[in-house]
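*Asks:* This is the structure, below, for whatever I ask next.
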Amino acid sequence: MYNFNYHKPKTIEQAVELMNSCEDPKIISGGHTLIPTLKQRLAQPSDIVDISNINGISDISLESIDSRINIGSLSSHYKVSNSDIVIQNIPSLAYLASQIGDPQVRYRGTIGGSVANADPSADYPAALVSLNSTVVTNNGKYKAEDFFVDMFETSLSDDEIITNILFDIPIKSAYVKFRNPASGYAMVGVFVAKYHSSVIVSVTGAGPKVFRMSEAEELLTKSFDAKSLNELRIESNGLNSDIHASSEYRAHLIKTSLQDAVRIALK
Amino acid sequence: MQLVKMNVNGLDVSSEIEINTLLVDFLRDNMNLTGTHVGCDTSQCGACVVHMDGQSVKSCSILAVQAEQKKITTIEGLADGDELHPVQKAFKNNHALQCGFCTPGMVMSAVDLLEKKSNPSDEDIREWLEGNICRCTGYQNIIKAIKEVV
């Protein structure tokens, strides 16, 4: 690991100040993406800004005004998966968090860190898009679909820090992930959410970033059951092809995962 | 260089270290607690698992400075003098180790599991050990040992 300076700001303002004044800073919360990256010398930040001590951005609550779930960005995957509020209102989201990495990783990894990193194989992006999420930062708000720009690229500016993420509560939802047996990342991850008059289907792990499937959404809005998807054909063009899976295999996995997700949502 | 302070196995310790020192290296090199092992160095194998403020964590993926003021327990901190921890005894009695390299991490993960889940099923135990890899035993006796303590 190359060396760096280390800071532990107590407030968002202090953190933003550091992000602006340091030469080439990186934010750390849980660190289980950044530290492995540094160990492999794939990054060389001049300064690390540890935001894990900042108060007020790790709570989970139910907003009374618009009935959305508010999850503080420093909430660990462990916290989200065990939160009564999440389990009671969006159990599929709690399940998603419980499937990230392993228990030790889940204690440290945070939703803010995962979302800001925008790994194309991460789980959260599918949930954020299907649950109409709003990503709130010290500087503004983003709709989930506008937030994820490309592989490891988001709309965040360099000194912007995610503080909260807001989620709609669907009538029914489910997340199905075809897990890479070694890394645990999503080779394909499908999040389906049913609302009063619409369905949102989001896919992670299969493309350079999370995407929706409008044809599947139309079919499921007409009739929300796995049978509606029998004739659905999924294009492999544009999907990731790598040592784990070909784009054709991913296209196949999307369909089977989506049908599984609908069955689970209906249970 | 920075002075880092934490509590390790009940003892307040401090040391001048390079900021890019990993917690596992701080424990092994500065504290001479070599029971915690570096296996894969890529956050997968769990040989480096210790407890930090009551949570099992991978010390190869944490900087020592991130552990400032925190309470760390390593494998050396489990036994009470000569009296082994129940999980250690169960591992011994059930032949749950061969080379022993993964064992400290397995034991630390297991101790955390038993603190968080009062009656884990086989399934719960296997899922909890997702972050601990063993190349020798095939896991059967590890599961058996943990079940014995339940």
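The values are calculated or read from the model by the stated rules, or taken from the named source; none is laboratory data. Values in this document were obtained by computation on a predicted structure and should not be read as measured data. Ideal geometry is used to build each Cβ from the backbone, glycine not excepted, and the neighbour counts take in all protein chains shown.
*Asks:* Can you tell me which residue among B:Asp12, B:Asp29 is in a strand (DSSP E or B), more than 10 Å from chain A (Cβ to nearest Cβ) and over 19 Å from B:Trp128 (Cα atoms)? Don't jump to the end; show me each part of the working.
*Replies:* Values: B:Asp29 fails: in a strand (DSSP E or B).
Only one candidate qualifies: B:Asp12.
*Asks:* Got a sec? Which of A:Ile65, A:Ile60, A:Ile69 is without any contact (Cβ under 8 Å) to a residue 60 or more places away in the chain, away from every other protein chain (no Cβ under 14 Å) and buried (at least 17 other Cβ atoms within 10 Å of the Cβ)? Give the derivation first.
*Replies:* Details: A:Ile65 fails: buried (at least 17 other Cβ atoms within 10 Å of the Cβ); A:Ile69 fails: without any contact (Cβ under 8 Å) to a residue 60 or more places away in the chain.
After applying the criteria, what remains is A:Ile60.
*Asks:* Against the definition (under 30 Å from A:Ala174 (Cβ atoms), within 14 Å of another protein chain (Cβ to nearest Cβ) and touching a strand residue (DSSP E or B) at 6+ places or on another chain (Cβ under 6 Å)), how does A:Ser29 come out, yes or no? Quick ask: steps written out before the conclusion?
*Replies:* Details: under 30 Å from A:Ala174 (Cβ atoms): yes; within 14 Å of another protein chain (Cβ to nearest Cβ): yes; touching a strand residue (DSSP E or B) at 6+ places or on another chain (Cβ under 6 Å): yes.
Here the answer is yes, as A:Ser29 does meet what is asked.
*Asks:* If you don't mind, another one. Of everything in the range A:184-211 that's among the small types (Gly, Ala, Ser) and over 16 Å from A:Ile100 (Cβ atoms), which residue is surrounded by the fewest Cβ atoms within 10 Å (Cβ to Cβ)?
*Replies:* Taking the range A:184-211 first, the residues among the small types (Gly, Ala, Ser) are A:184, A:186, A:189, A:193, A:197-198, A:202, A:205-207.
Filter once more, keeping what is over 16 Å from A:Ile100 (Cβ atoms): A:193, A:197-198, A:202, A:206-207.
Working: A:Ala193: 30, A:Ser197: 6, A:Ser198: 13, A:Ser202: 24, A:Ala206: 30, A:Gly207: 17.
Within the range A:184-211, the match that is surrounded by the fewest Cβ atoms within 10 Å (Cβ to Cβ) is A:Ser197.
*Asks:* From the residues in the range B:109-143 that are under 17 Å from B:Cys99 (Cα atoms) and crowded, with 21+ Cβ neighbours inside 10 Å, which one is nearest to the other protein chains (Cβ to nearest Cβ)?
*Replies:* Per the stated criteria, the residue is B:Asn132.
*Asks:* Moving on to the next point. Exactly one condition in (1) under 23 Å from B:Thr36 (Cβ atoms); (2) acidic (Asp, Glu); (3) over 17 Å from the mean Cα position of the chain (by Cα) is false for B:Asp122; which is it?
*Replies:* (1)
*Asks:* Hey, among A:Leu74, A:Leu42, A:Leu96, which residue is more than 14 Å from every other protein chain (Cβ to nearest Cβ), of a type in the set (A, V, I, L, M, F, W, C) and under 30 Å from A:Ala182 (Cα atoms)? First the steps, then the outcome.
*Replies:* On the way: A:Leu74 fails: more than 14 Å from every other protein chain (Cβ to nearest Cβ); A:Leu42 fails: more than 14 Å from every other protein chain (Cβ to nearest Cβ).
Within the list A:Leu74, A:Leu42, A:Leu96, the selection yields A:Leu96.
*Asks:* Here is a list of conditions, (1) touching a Ser or Thr at 6+ places or on another chain (Cβ under 9 Å); (2) at the interface with chain A (Cβ under 10 Å from one of its Cβ atoms); (3) crowded, with 23+ Cβ neighbours inside 10 Å, and B:Met52 meets all of them except one; can you say which number that is?
*Replies:* (3)
*Asks:* Here is a follow-up. Test each condition in (1) within 14 Å of chain A (Cβ to nearest Cβ); (2) crowded, with 23+ Cβ neighbours inside 10 Å for B:Cys45 and report the one that comes out false.
*Replies:* Going through (1) within 14 Å of chain A (Cβ to nearest Cβ); (2) crowded, with 23+ Cβ neighbours inside 10 Å one by one, B:Cys45 breaks only (2).
*Asks:* Considering only residues of the range A:127-154 that are among the small types (Gly, Ala, Ser) and surrounded by 24 or more Cβ atoms within 10 Å (Cβ to Cβ), which is farthest from A:Asp59 (Cα to Cα)? If you could, list the steps in order and put the result at the bottom.
*Replies:* Here is the first cut: in the range A:127-154, the ones among the small types (Gly, Ala, Ser) are A:127, A:130, A:133, A:140, A:144.
With surrounded by 24 or more Cβ atoms within 10 Å (Cβ to Cβ) added as a condition, the list becomes A:127, A:130, A:133, A:144.
Details: A:Ala127: 19, A:Ser130: 22, A:Ser133: 17, A:Ala144: 20 Å.
Looking at the filtered set, the residue picked out is A:Ser130.
*Asks:* Please find, among A:Ile87, A:Ile35, the residue that is surrounded by fewer than 17 Cβ atoms within 10 Å (Cβ to Cβ), touching a helix residue (DSSP H, G or I) at 6+ places or on another chain (Cβ under 7 Å) and at pLDDT 95 or above. First the steps, then the outcome.
*Replies:* Numbers: A:Ile35 fails: surrounded by fewer than 17 Cβ atoms within 10 Å (Cβ to Cβ).
Step by step, each of A:Ile87, A:Ile35 is checked, and only A:Ile87 is surrounded by fewer than 17 Cβ atoms within 10 Å (Cβ to Cβ), touching a helix residue (DSSP H, G or I) at 6+ places or on another chain (Cβ under 7 Å) and at pLDDT 95 or above.
*Asks:* For the range A:135-149, how many residues meet the condition of being in a strand (DSSP E or B) and in contact (Cβ under 8 Å) with a residue 40 or more places away in the chain?
*Replies:* Residues of the range A:135-149 in a strand (DSSP E or B): A:135-137, A:141-143, A:148-149.
Right, trim to in contact (Cβ under 8 Å) with a residue 40 or more places away in the chain and you get A:148-149.
Qualifying residue count for the region: 2.
*Asks:* For the range B:95-108, state whether one or more residues are over 20 Å from B:Phe26 (Cα atoms), in contact (Cβ under 8 Å) with a residue 12 or more places away in the chain and within 14 Å of chain A (Cβ to nearest Cβ).
*Replies:* Checked against the condition, which is being over 20 Å from B:Phe26 (Cα atoms), in contact (Cβ under 8 Å) with a residue 12 or more places away in the chain and within 14 Å of chain A (Cβ to nearest Cβ), the range B:95-108 yields at least one hit.
*Asks:* Return the residues of the range B:43-86 that are acidic (Asp, Glu) and on the phi < 0 side of the Ramachandran plot; say none if nothing qualifies.
*Replies:* Pass one, the range B:43-86, residues acidic (Asp, Glu): B:53, B:68, B:76, B:80, B:82-83.
The answer is B:Glu68, B:Glu76, B:Asp80, B:Asp82, B:Glu83.
*Asks:* Name the residues in the range B:1-28 that are more than 19 Å from A:Ile28 (Cα to Cα) and buried (at least 21 other Cβ atoms within 10 Å of the Cβ), would you?
*Replies:* Result: B:Met6, B:Val8, B:Phe26, B:Leu27.
*Asks:* Follow-up. Show the residue pairs meeting these rules: Cβ distance below 6 Å; 6+ apart or different chains; first residue within the range B:11-26 and within 18 Å of B:Cys60 (Cα to Cα); second residue in a strand (DSSP E or B).
*Replies:* What qualifies is B:Ile17/B:Val4; B:Ile19/A:Tyr6; B:Ile19/B:Gln2.
*Asks:* Here's another thing I want to ask about it. Could you go through the range B:32-52 and let me know if any residue there is at pLDDT 95 or above, in a loop (DSSP other than H, G, I, E, B) and either farther than 27 Å from B:Arg135 by Cα or of a type in the set (Lys, Arg) (or both).
*Replies:* Checking the range B:32-52: not a single residue is at pLDDT 95 or above, in a loop (DSSP other than H, G, I, E, B) and either farther than 27 Å from B:Arg135 by Cα or of a type in the set (Lys, Arg) (or both).
*Asks:* Quick one: how many residues across the range A:165-185 are under 14 Å from A:Ser130 (Cβ atoms) and within 14 Å of the chain's Cα centre (by Cα)?
*Replies:* Count: 6.
*Asks:* In the range B:58-86, what count of residues is obtained for those that are within 14 Å of chain A (Cβ to nearest Cβ), part of a loop (DSSP other than H, G, I, E, B) and surrounded by 17 or more Cβ atoms within 10 Å (Cβ to Cβ)?
*Replies:* 3
*Asks:* Select, from A:Ile48, A:Ile35, the only residue that is within 21 Å of the chain's Cα centre (by Cα) and within 14 Å of chain B (Cβ to nearest Cβ). Working first, answer last.
*Replies:* Details: A:Ile48 fails: within 21 Å of the chain's Cα centre (by Cα).
Being within 21 Å of the chain's Cα centre (by Cα) and within 14 Å of chain B (Cβ to nearest Cβ) holds for just one of A:Ile48, A:Ile35, which is A:Ile35.
*Asks:* Within the range A:17-34, is even one residue farther than 16 Å from A:Thr137 by Cβ, of a type in the set (Val, Ile, Thr) and not in a loop (DSSP other than H, G, I, E, B)?
*Replies:* Looking for residues that are farther than 16 Å from A:Thr137 by Cβ, of a type in the set (Val, Ile, Thr) and not in a loop (DSSP other than H, G, I, E, B), one finds at least one in the range A:17-34, hence yes.
*Asks:* Could you run through the range A:92-118 and say how many residues are over 21 Å from B:Gln44 (Cβ atoms) and touching a residue at least 60 places away in the same chain (Cβ under 8 Å)? Show your work before the answer.
*Replies:* Taking the range A:92-118 first, the residues over 21 Å from B:Gln44 (Cβ atoms) are A:92-95, A:111-112, A:115-116, A:118.
If we keep only those that are touching a residue at least 60 places away in the same chain (Cβ under 8 Å) as well, we get A:92-93, A:95, A:112, A:116, A:118.
Count: 6.
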